[in-house]
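Comments concern the structure below.
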């Protein structure tokens, strides 16, 4: 569980509520069904129009990463590669074949199969990099769904404010409604800017960071498998791959 993400969401909500109270607006000023419809529902509508279904599904699947990032064990992966390099130097590349059945990571299993099959290092790199970059591209597109929501929501907040002011202008003859109407108009702006800067854009950046970490780990695996295919010394491999852990 990512404690910082949980703290960020809680502190963001507290900041808006306490800020409204200290400014004298009160919590009730933040509650507006009209602002919710214009900003939240409007933002969802805009992102639906922008995003292909397959990308939206991937974005929803990645959303839990904000609070529970995918498990990463780069040290264990490095140790596994070093162990495999020792086996290959003693028994040959075919000595790694029994490891295929027990390897849970599909990407690493595919790379190990290429090594066992005696593929050239360049062929191994080309094959794995195609899969690695394809996954990275798909995941970044999914992360940009939330980035898009962070772009649309402030604009829709302005639209909500303008619509609210239009309603106020229609009641100029009744001064008792002006103050409440103007306050309600700007609630939509608070929704739009608040959601963008406290939720949507931070989520997008958090997911991009997770995607980058996943790509770096895959780059380490590719480099390790190529070193094994070349027959490099296990100590040399370990020293080389440790650079990816910083």
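The values are calculated or read from the model by the stated rules, or taken from the named source; none is laboratory data. Source: prediction; values computed, not measured. Don't worry about glycine lacking a Cβ; one is built from the backbone with ideal geometry, like all the others, and counts go over all protein chains shown.
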Inset, instruction - Would you check if there is a residue in the stretch 148-165 being modelled with pLDDT of 90 or more and within 21 Å of residue 217 (Cα to Cα)? - result: no
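Condition check ((1) over 28 Å from residue 159 (Cβ atoms); (2) modelled with pLDDT under 90) across all residues:
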site: 2; (1), (2): yes, yes
site: 15; (1), (2): no, yes
site: 19; (1), (2): no, yes
site: 25; (1), (2): no, yes
site: 33; (1), (2): no, yes
site: 47; (1), (2): no, no
site: 51; (1), (2): no, no
site: 57; (1), (2): yes, no
site: 60; (1), (2): no, no
Legend entry - Unique match (being part of a helix (DSSP H, G or I), out of contact with any helix residue (DSSP H, G or I) (no Cβ under 8 Å at 6 or more places or on another chain) and either assigned by TED's automatic domain parsing to the domain that holds residue 4 or within 22 Å of residue 65 (Cα to Cα) (or both)) among 212, 218: 212
Legend entry - Of the criteria (1) closer than 27 Å to residue 60 by Cβ; (2) not in a helix (DSSP H, G or I), which one residue 139 fails: (2)
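Residues are listed down the side, and each one gets a yes or a no for (1) loosely packed, with under 15 Cβ neighbours inside 10 Å; (2) on the phi > 0 side of the Ramachandran plot; (3) assigned to a helix (DSSP H, G or I):
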| site | (1), (2), (3) |
| --- | --- |
| 68 | yes, no, no |
| 72 | yes, no, no |
| 76 | yes, no, yes |
| 82 | no, no, yes |
| 94 | yes, no, yes |
| 108 | no, no, yes |
| 124 | no, no, yes |
Inset, instruction - Hey, can you tell me all the residues within the stretch 13-54 that are over 23 Å from residue 162 (Cα atoms) and within 19 Å of the chain's Cα centre (by Cα)? - result: 48, 50, 51, 52, 53, 54
Inset, instruction - Return only the number of the condition from (1) surrounded by 15 or more Cβ atoms within 10 Å (Cβ to Cβ); (2) modelled with pLDDT of 90 or more; (3) closer than 30 Å to residue 77 by Cα that residue 119 does not satisfy. - result: (2)
Inset, instruction - Name every residue in the stretch 16-43 that is in a helix (DSSP H, G or I) and touching a residue at least 12 places away in the same chain (Cβ under 8 Å), in order of residue number. - result: 16, 17, 29, 30, 34, 35, 36, 38, 39, 40, 42, 43
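Yes or no, residue by residue, for (1) loosely packed, with under 13 Cβ neighbours inside 10 Å; (2) outside the structural domain of residue 66 (by TED's automatic domain parsing); (3) in contact with a helix residue (DSSP H, G or I) (Cβ under 9 Å, 6 or more places away or on another chain):
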site	(1), (2), (3)
7	yes, yes, no
10	yes, yes, no
16	no, yes, yes
22	yes, yes, no
27	yes, yes, yes
38	no, no, yes
43	no, no, yes
48	yes, no, yes
Inset, instruction - Please work out if residue 94 is within 30 Å of residue 49 (Cα to Cα), out of contact with any strand residue (DSSP E or B) (no Cβ under 8 Å at 6 or more places or on another chain) and assigned by TED's automatic domain parsing to the domain that holds residue 59. - result: no
Inset, instruction - Please tell me if residue 101 is assigned to a helix (DSSP H, G or I), free of Cβ contacts under 8 Å to residues at least 24 places away in the same chain and within 32 Å of the chain's Cα centre (by Cα). - result: yes
Inset, instruction - Can you confirm whether the stretch 180-201 contains a residue that is exposed (fewer than 15 other Cβ atoms within 10 Å of the Cβ), out of contact with any strand residue (DSSP E or B) (no Cβ under 6 Å at 6 or more places or on another chain) and modelled with pLDDT under 70? - result: yes
